[in-house]
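What follows draws every value from the coordinates through simple rules; no lab data is involved. What you see is a predicted model, and the numbers here were worked out from it, not measured in a lab. Here Cβ is always computed from backbone atoms with ideal geometry, including for glycine, and neighbour counts include all displayed protein chains.
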Amino acid sequence: MSAVDQTEVAQRLPSGIERGAIDCDIHPALSSTKELRPFLDEHWQEMLAVRNIDGLDLTSFPPKADLFSRPDWRPKQGKPGSEIGAVKADVLDHFDLKFAIANCLYGAQAAYNEYIGEVLCRAINDWLSKEWLDKDKRLRASIVVSLANPEAAAEEIERVAADRRFVQVLVLAMGEALLGRKQFWPIYRVAERLNLPIGIHAGSTYRHAHSQAGFHSHLVEDYVVQSQGFTAQVLSLIAEGVFAKFPGLRVVLIESGVTWMPALMWRATKNWRGARIEIPWVRQAPAAIMREHFRLTLQPFDAPPDPADFERLMEHFGTDEMFLFSTDYPHWHFDGDDVLPAGMPASLVRKILVDNPLKTYPRLVEAS
């Protein structure tokens, strides 16, 4: 790129964003299961029709809710995030991204029938490859798996990971069992071997109440208590010894918010000091394990807007390597181009936009 071209790019880029940033969370949208028909064999096409699943929209989040999409990212027709042309214009080109990781959330992981869940996840992965990754070289994706059968999930990871454009394994924050349990270890074993992080995304299979105290009534309650699910999963993965068994495993918390974690670091470490006789395989303080193995996407960023508060938050984390840049397209967590928190020092911007994502996702380094 010539000096003139570089100047033009710098002038059109949103304030604070550097060319070549890596967006770690965008959401390609399926309009209905009919889009998956070409990726299903004849038997499963018939089964989805017989069970009245064919044509349904399996997204649980209300598509008309304001948080679902920014007004300027909503198409005139169809779902936000369903048109790759809009994704290119609104995110890939607008922020001049090097890569963007597509995390498809479509409810397949929540299917009660484990066979249907497996088939839908497989079809989604093939759909992502053909309808998204093949159409823009900047796109990467997460492997969608159902946790109903961890052995089958491990096989699906092995199958899809042959395509190096898939850079992560995607699961939901709330399901039927805590993610540290040994039943899920086949997934972590193959993920560590293939150098794929586990992405835990906000969301639920809706088997249990989101709240620790029961079912709630409103979307705002659902939205706020998502952090409880992340807290439980972080503690489970540490206490059950996942990182002692799989020391190379990395976990990305996607759309978790960030302000809850420093308090968890302090409380978990404090109590571990008094009760660690019960879990002798946890040889490091939980806070140290979190800093080493966990990463958090930037949006939604729930810290106060005061730059001094941001600086204080970073001091509580004790590291600048845990944050990953994300827009969470097309969800509405910031207006205009204010994707980066106010008060972020210039020395940190480059790490969050580029360096931290490259350290987290080795497959991105291959293509850089």
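Take every Cα-Cα distance within segment 81-240, group them into 10 Å bins from 0 onward, and report for each bin the whole-number percent of pairs it holds.
Bins of 10 Å from zero give 10, 36, 34, 18, 1 percent of pairs.
So which chymotrypsin sites (Phe, Trp or Tyr not before Pro) in segment 97-167 end up in coil per DSSP with only 10 or fewer other C-beta atoms within 10 Å? Mind showing how you got there, number by number?
Details: sites: Phe99, Tyr106, Tyr112, Tyr115, Trp127, Trp132, Phe166; in loops: Tyr106, Tyr112, Trp132.
Sparse-neighbourhood loop chymotrypsin sites (Phe, Trp or Tyr not before Pro): Tyr112.
Residue separation times 0.36 nm, minus the C-alpha to C-alpha distance between Ile84 and Ser31: what's the value? If you can, show how the numbers build up before the last one.
Details: separation 53, 0.36 × 53 = 19.08 nm, distance 1.28 nm.
Difference between extended and current length: 17.8 nm.
Taking the simple approach of a point 7 Å from Cα along Cα-to-Cβ for both Ala162 and Lys76, what is their distance in nm?
It is 4.3 nm.
From Cα pairs below 8 angstrom and at least 6 apart in sequence, can you work out the relative contact order of segment 20-367, rounded to a whole percent? Don't skip to the end; give the middle numbers.
On the way: 582 pairs, mean separation 65.2, N = 348.
Relative CO of segment 20-367 lands at 19 percent.
For the chain, what is the calculated [θ] at 222 nm in deg cm²/dmol (nearest 500), taking -39500 (n - 2.57) for each run of four or more DSSP H residues and dividing by its residue count? If you can, show how the numbers build up before the last one.
Values: 14 runs with 137 residues, N = 368.
So the calculated ellipticity at 222 nm is -11000 deg cm²/dmol.
Answer rounded, prolate or oblate for segment 182-331, using the Cα gyration tensor with square roots of eigenvalues a ≥ b ≥ c: rounded when a/c is under 1.5, else prolate when a/b is larger than b/c, else oblate. Provide the component values of the computation, followed by the final result.
Details: a/c = 1.36, a/b = 1.20, b/c = 1.13.
Since a/c stays below 1.5, the shape of segment 182-331 is classed as rounded.
Over 31 Å between Cα atoms: which of Lys34/Lys359; Lys135/Lys351; Lys245/Lys359; Lys135/Lys359 fall into that group?
On the way: Lys34/Lys359 37 Å; Lys135/Lys351 28 Å; Lys245/Lys359 21 Å; Lys135/Lys359 26 Å.
Too far apart for the 31 Å limit: Lys34/Lys359.
Take every DSSP beta bridge whose two residues both sit in the chain, then give the antiparallel share in percent to the nearest 5.
On the way: 1 of 26 bridges.
Approximately 5 percent, going by the DSSP bridge assignments.
How do Val365, Val224 line up, fewest other C-beta atoms within 10 Å first?
On the way: Val365 10, Val224 15.
Ascending Cβ contact count within 10 Å gives the list Val365, Val224.
At a 10 Å Cβ-Cβ cut-off, how would you order Asp23, Asp320, fewest neighbours first? Show your work: numbers first, answer last.
Working: Asp23 29, Asp320 14.
Ranked by crowding around the Cβ, least crowded first: Asp320, Asp23.
Rounded, prolate or oblate for the chain? Axes are the square roots of the Cα gyration tensor eigenvalues, ordered a ≥ b ≥ c, and the cut-off for rounded is a/c under 1.5. Display every interim value, and only then the final one.
Numbers: a/c = 1.43, a/b = 1.03, b/c = 1.40.
Rounded, since a/c falls under 1.5.
Give me Asp96, Asp25 ranked fewest to most by other Cβ atoms within 10 Å of their Cβ, as a rough exposure proxy.
Working: Asp96 18, Asp25 24.
Ordered by Cβ neighbours within 10 Å, fewest first: Asp96, Asp25.
Quick check for you: which residues of segment 217-261 have the amide N under 15 Å from the point 7 Å beyond the Cα of Ala288 toward its beta carbon?
Backbone N within reach: 243-244.
Students often check this: by mean Cβ neighbours within 10 Å, which of 82-90, 134-142 ranks highest, and how do the rest follow? Present the calculation step by step, with values, prior to reporting the outcome.
On the way: 82-90: 16.9, 134-142: 18.7.
Top of the packing list down: 134-142, 82-90.
Two decimals is fine: what is log10 I(q)/I(0) at q = 0.14, 0.15, 0.16, 0.23 Å⁻¹ for segment 248-363, from a Debye sum with one equal scatterer on every Cα and no solvent?
-0.62, -0.71, -0.79, -1.40
Taking a virtual spin label 7 Å from the Cα of Arg276 along the C-beta vector, which residues in segment 243-270 bring their backbone nitrogen under 12 Å of it?
Within reach of a label on Arg276: 269-270.
State the Cα centre-to-centre distance between segment 334-368 and segment 235-297 in whole Å.
23 Å
Segment 182-290: which chymotrypsin sites (Phe, Trp or Tyr not before Pro) are DSSP loop and have at most 11 other beta-carbon atoms within 10 angstrom? Walk me through the intermediate numbers first.
On the way: sites: Phe184, Tyr188, Tyr206, Phe215, Tyr223, Phe230, Phe243, Trp260, Trp266, Trp272, Trp281; in loops: Tyr206, Phe215, Trp281.
When the chymotrypsin sites (Phe, Trp or Tyr not before Pro) of segment 182-290 are filtered for loop state and at most 11 Cβ neighbours within 10 Å, Phe215 remain.
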